[in-house]
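First the structure, in the form of structure tokens, and then the observations on it.
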Amino acid sequence: WTKADDIRDFQIEGMSVGDSLLDYYNEDKIKKAMKSAYFYPDKKFLDIFIELSNSSNYEWLQITLKSKDKNYKIYSLTGQLDYSSNIKDCYKKKKEIVKSIKSSFGNNVATKSGIIKHNIDKTGKSKVDSTDFLLNGGAIQVQCFDWSKKMKYTDKLTVNVKTQEAINYFTSAFD
């Protein structure tokens, strides 16, 4: 990590929120990823997923774009590592990343942490352990998802960088 105080200073795989995805991928690759994108209920935003090479820090990227934006500006960027066999390794990696982010920002950033039940799992057995860093222009979240055995999802670690516009949208998108 580099010293930073603004959300745009934080990078995942060399990318930052506010950048154009065209700076990293050609339009054909972006359009191909958009064919299997997740569209939010009002279709204003969408998430695309890009599998990364073995030399990357993450296995997957989840990138939030506006549906009709031909510049492909990045509003939210998530790096993901799967932890299908040992959630304890996820917590260990999360702790390392949180420590690194804290050292990068010093005491100049508001932080909140906690464990919540994931609302998709009606049994209440799936948990999300999250640490959030609140910055100028947005937030960074470092999370471990520990899914119950009944859920068909893979446990994972995510590092998510969101612009304030994305945060505001996600807060209201499912009302």
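The values are calculated or read from the model by the stated rules, or taken from the named source; none is laboratory data. Quick caveat, the model's predicted, so the values are computed rather than measured. Heads up, the Cβs are rebuilt from the backbone with ideal geometry, glycines too, and the neighbour counts pull from every protein chain shown. What goes into the accessible areas is simple: the full protein's heavy atoms, side chains included, and nothing from ligands, DNA or RNA. Shrake-Rupley method; radii C 1.70, N 1.55, O 1.52, S 1.80 Å.
List of remarks:
- Extreme residue, most open to solvent (accessible area, probe 1.4 Å), among residues of the range 67-108 that are farther than 11 Å from CYS144 by Cβ, among the basic types (Lys, Arg) and at pLDDT 95 or above: LYS70
- Within the range 60-87, the set of residues being free of Cβ contacts under 8 Å to residues at least 60 places away in the same chain, closer than 21 Å to ASP19 by Cβ and outside any strand (DSSP E or B) comprises SER67, LYS68, ASP69, LYS70, ASN71, TYR72, ILE74.
- Condition met for THR111 (within 16 Å of ILE7 (Cβ to Cβ), open to solvent by less than 40 Å² (accessible area, probe 1.4 Å) and part of a strand (DSSP E or B)): no
- Restricting the range 133-159 to residues that are open to solvent by 20 Å² or more (accessible area, probe 1.4 Å) and within 19 Å of ALA110 (Cα to Cα), the residue that is nearest to the chain's Cα centre (by Cα): GLN141
- Within this structure, ILE120 passes the test of being at pLDDT below 95, exposed (fewer than 11 other Cβ atoms within 10 Å of the Cβ) and β-branched (Val, Ile, Thr).
- Pick from the range 10-44, criterion of a type outside the set (A, V, I, L, M, F, W, C) and open to solvent by less than 70 Å² (accessible area, probe 1.4 Å), ranking: modelled with the lowest pLDDT: TYR40
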